[in-house]
Amino acid sequence: MHLSSLRSSKKKKTSSISERIGSALIFSLLVLHSLLLPSPNAIANDSLSETPNENEERVVSFEPDDELTDIVNPFKSTCYDWRGSTIPCEFKRPYAELLFDKPIPDPRFMDNQDGTVTDNLTGLIWLKNTKCFGTMNWEGSRLAAKRLKDGDCGPDPELTLSDGSSAGDWRLPTMHELCLLIDYSKRNPALPEGNSFSDFPSGYYWSATTLDHHPGLVWIVYFESGTTCYEDVKNQAGHILPVRKPLE
């Protein structure tokens, strides 16, 4: 009798834990979904519109549920929770189409022939040479992006930066800005066709977005699949994709 009651108690406890974990996971994905899918007005007023003195890198933050150690993008063709179990997916198209209530420009990207690529949707200028820096930790990536200037990223003349930029013009992109590049219908890389970037080495790319209350963790994007998660800034090395506003 005692053994039967103990087993029943364990089953109830296990069921209760599973229900709590399931609820926490659903809540966390909804929170992440709402944070990464602001209204078009919020986009225009936050990440894409800045005062003249805000072209330097901005570190922003938000906090997922503490239960999750690995946030996985809910828009992939195959999605997983932090335990590796499959979960439903809803979208398979460019991330930007989910946010903007207007046609996506065609062409979306323009090669400026000066080592930069313009996103005609957002107006942001991206570094064309994704192999300019190799990989480094987050702090090193922040400094490298800030020091980027005209004449760097040589010696290939097609990839050398010749845009007239100075140190301080470039920065790491926010997580929101990185996500706007993702096309979930593509793989290796998960970028829109005609994106004009020179190449996209495998691995993850740093954002300037940290987790609230966890400054040692930073949001990243794996462009092979469009997966998003976060990494330890002290012990990991990632790629850099600097961005800037148009020069005045």
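Nothing in this text is a laboratory measurement; each read-out follows from the coordinates by a stated rule. Quick caveat, the model's predicted, so the values are computed rather than measured. All Cβ positions, even for glycine, are placed from backbone atoms using ideal geometry, and neighbour counts span all protein chains on display.
Numerical summary
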item	result
Compactness of segment 119-232, expressed as Rg and Dmax over alpha-carbon positions, Å	14.1, 44
Neighbourhood charge, 9 Å Cβ-Cβ cut-off, centred on R108 and excluding it, Lys, Arg +1 and Asp, Glu -1	-3
Computed over segment 111-184, Cα set: Rg, Dmax in Å	12.3, 34
Contact order normalised by residue count of segment 147-248, Cα under 8 Å, 6+ apart, percent	25
Selection of GluC sites (Glu not before Pro), segment 148-201, meeting DSSP coil and at most 12 other Cβ within 10 Å	E158, E193
Over 20 Å (Cα to Cα) - which of K186/K245; K128/K234; K128/K245 fall in this group	K186/K245; K128/K234
Loop-located trypsin sites (Lys or Arg not before Pro) in segment 162-209 whose Cβ has at most 14 other Cβ within 10 Å (DSSP)	R187
Local net charge near N129, Cβ-Cβ under 11 Å (Lys/Arg +1, Asp/Glu -1)	-2
Signed unit charges on C-beta, dipole axis of segment 106-201, positive-most listed residue L143, L121, N188	L143
Within-15-Å neighbourhood charge of K234 [Cβ basis; K, R +1; D, E -1]	-2
